[in-house]
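Below: the structure, in C-alpha cells.
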Amino acid sequence: MLFISYLLLGIITGTLAGLLGIGGGLIIVPTLALLFSFQQFNPEISTHLAIGTSLACMIFTTGSATVTHFYKKAISWPVLFFMTIGIICGSLAGGLITNSLNGKWLKIFLGCFAWGMAIKMFKERHVTSTTGKMPAKPFLILFGVLSSCISTMLGIGGAIFNVPAFCRFGLTIQHAVATASACSLPVAVIGTLTSIFVEKSTISFPEYTKGYVYWPAFLGIIIGSIPCARIGAILAHRLPKQYIRIPFAILLIIVGGELILSS
C-alpha cells in the first residue's frame, strides 16, 4: 500500500516537474515526511530522509524533463553554464548544513518561503525583464551558489528562485522553466551524493536506507515520475504563460501551509 502511495506521488510530481521546472521537491518533501511519520521513522531524521530521497528522485524527474526541453531548444546555455559553477559549491554547502539542522525548523522555513514566493508570483503581472539583458557573469555564479545551497537544504530543485529570476533576466516563461529544470539537475546530483555520504552516525536508520535516501520511496516515485515529467515538459511549451505561473503560485500556497501545520 505504501509503495502505491509512492507511485502516485511520482506521477503527480513528475508532471509538475516538467510543467513548472520545480523538480517535484515541493510536493515530495512534505508528503514523504508525512508518510515516514506513519511508518514511525525516527522524527529526528524523518525530514532529512524526505529531503535526501527527494534529491535522489530529482535526478530522474529533472533529467527526463531536461531532455525534452533540450529537444525543444529552450535551454539558455550561457545562463546554465555560469549557474552550474556556483551550483557545485552551493549544493555541497547546503548538504552539510542540512545535516546539522533540526527537521522541524527545515519544515517551517520551507513553508514560509513557499508562501512568500506564491504571493510574489500572484502580484507579478509581467514576469519578463524590462531590459532583456543578462546580469554579469559573477552575479550568475553567486546566484547559483545561494539558490543551490538553499535548494539542497530543502530538497527542492530551485525553480522557486530560478524561474522568476530568469524571467527578469529577459527569458520567456518557457525558456525560464527549461533552464531552471536544467539547473536543477546538478543540484540533485550533488545533493544526493552529499545525502548518501553525510549522516548522523549516532542515530539508528530504518532498513533500506543509505545515508538520508530511503530506497523503496525512491523507486516508487521515479517509476511514476519519469514518463510524466516528459508529458509535463511538453505541456509547458503549449500552455500560455499565465496557465503556468498561476498554478505554480497556488501549489506553493498549499504546500507551504501543509509544511507549517505539520511541523
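Once both labels are modelled 7 Å past Cα along the beta-carbon direction, what's the Leu7-Trp215 spacing in nm?
Placing both labels 7 Å along Cα→Cβ, they lie 2.0 nm apart.
Could you list, in their original order, any pairs among Lys73/Lys107; Lys73/Lys120; Lys73/Lys210; Lys72/Lys137; Lys120/Lys210; Lys72/Lys210 whose Cα atoms are separated by more than 32 Å? Intermediate results must be reported in sequence, preceding the final value.
Values: Lys73/Lys107 36 Å; Lys73/Lys120 28 Å; Lys73/Lys210 37 Å; Lys72/Lys137 25 Å; Lys120/Lys210 37 Å; Lys72/Lys210 36 Å.
Check vs 32 Å cut-off fails for Lys73/Lys107; Lys73/Lys210; Lys120/Lys210; Lys72/Lys210.
Please compute the length gained on full extension between Cys112 and Ile234, using 0.36 nm multiplied by the number of residues separating them and subtracting their Cα-Cα distance. Kindly include the intermediate steps, with their values, before the conclusion.
Working: separation 122, 0.36 × 122 = 43.92 nm, distance 3.06 nm.
Fully extending the segment from Cys112 to Ile234 adds 40.9 nm.
Put +1 on the Cβ of each Lys and Arg and -1 on the Cβ of each Asp and Glu in the chain; which of His48, Pro164, Tyr214 then has its Cα farthest toward the positive end of the dipole?
Pro164
Which FRET efficiency, nearest 0.05, do Ser204 and Leu34 yield, Cβ-Cβ r, R0 22 Å?
On the way: r = 21 Å, r/R0 = 0.96.
Efficiency at R0 = 22 Å is approximately 0.55.
Note down the relative contact order for the chain as a percent, whole number, built from C-alpha pairs under 8 angstrom at least six residues apart.
Numbers: 503 pairs, mean separation 105.8, N = 263.
Dividing the mean separation by the residue count of the chain yields 40 percent.
Can you send over the carbon and sulfur percentage of the accessible area for region 164-227, probe radius 1.4 Å, protein chains only?
Working: 1630 of 2460 Å².
Taking all protein chains in place, region 164-227 shows 66 percent carbon and sulfur surface.
Is the C-alpha gyration tensor of region 1-105 telling us rounded, prolate or oblate? Criteria: a/c under 1.5 is rounded; beyond that, a/b larger than b/c is prolate, otherwise oblate. Provide the component values of the computation, followed by the final result.
On the way: a/c = 3.45, a/b = 1.37, b/c = 2.52.
Oblate, since a/c reaches 1.5 and b/c is not below a/b.
Would region 143-238 count as rounded, prolate or oblate if I go by the C-alpha gyration tensor, calling it rounded below 1.5 in a/c and otherwise prolate when a/b exceeds b/c, oblate otherwise?
Numbers: a/c = 3.95, a/b = 1.60, b/c = 2.47.
Oblate.
Rounded, prolate or oblate for region 189-228? Axes are the square roots of the Cα gyration tensor eigenvalues, ordered a ≥ b ≥ c, and the cut-off for rounded is a/c under 1.5. Don't skip to the end; give the middle numbers.
Numbers: a/c = 4.96, a/b = 1.75, b/c = 2.84.
The shape class here is oblate.
Can you give me the % of accessible surface on region 1-119 that is carbon or sulfur? Probe 1.4 Å, all protein chains present, nothing else counted. All intermediate terms of the calculation are to be shown ahead of the outcome.
Details: 3680 of 4810 Å².
The C+S portion of the solvent-accessible surface of region 1-119 is 77 percent.
Hey, got the dipole for region 52-192? About the Cα centre, +1 on K and R Cβ, -1 on D and E Cβ, debye to the nearest 20?
Numbers: 10 positive and 1 negative charges, 62 e Å.
The dipole magnitude comes to about 300 debye.
Calculate, for the chain, the solvent-accessible area per residue in square angstrom, rolling a 1.4 angstrom probe over the heavy atoms of the protein chains. Intermediate results must be reported in sequence, preceding the final value.
Details: 11370 Å² over 263 residues.
Counting only protein heavy atoms, the per-residue value for the chain is 43 Å².
Run the numbers for Ile223 and Lys72: contour at 0.36 nm per residue of separation, minus the present Cα-Cα distance, in nm. Could you put the intermediate results ahead of the total?
Values: separation 151, 0.36 × 151 = 54.36 nm, distance 2.38 nm.
My answer for the length gained is 52.0 nm.
Find how much the distance from Ile97 to Leu261 grows on full extension, using 0.36 nm per residue of separation minus their present alpha carbon separation; answer in nm with one decimal.
Values: separation 164, 0.36 × 164 = 59.04 nm, distance 2.36 nm.
Working it through step by step, the gained length comes to 56.7 nm.
Could you calculate the FRET efficiency of Glu44 with Ile250 from 1/(1 + (r/R0)^6), where r is the beta carbon distance between them and R0 is 25 Å, rounded to 0.05?
Numbers: r = 32 Å, r/R0 = 1.29.
According to the calculation, E is roughly 0.20.
Helix-only mean residue ellipticity at 222 nm, the chain, DSSP H runs n ≥ 4 weighted -39,500 (n - 2.57), per residue, nearest 500. What is it? Spell out each step's value before the answer.
Details: 10 runs with 200 residues, N = 263.
Helix contribution divided over all residues of the chain: -26000 deg cm²/dmol.
Counting Lys and Arg as +1 and Asp and Glu as -1, what is the net charge of the other residues whose Cβ lies under 14 Å from the Cβ of Ala233? Provide the component values of the computation, followed by the final result.
Numbers: positive: Lys72, Lys73, Arg230, Arg238; negative: none.
Neighbourhood net charge equals +4.
Treating only the Cβ atoms of Lys and Arg (+1) and Asp and Glu (-1) as charged, compute the dipole magnitude of the chain about its Cα centre; round to the nearest 20 debye.
Magnitude of the dipole: close to 900 debye.
If you take mean projected area of the Cα convex hull in nm² from the coordinates, which of [x] 15.0; [y] 13.4; [z] 12.2 do you get?
[z]
The values are calculated or read from the model by the stated rules, or taken from the named source; none is laboratory data. Only a predicted model underlies this, so the values are computations on that prediction, with no experimental measurement involved. Neighbour counts run over all protein chains shown; Cβ positions are idealised from the backbone, glycine included. Please note that ligands, DNA and RNA were not included when accessible areas were found on the heavy atoms of the full protein model with its side chains. Shrake-Rupley method; radii C 1.70, N 1.55, O 1.52, S 1.80 Å.
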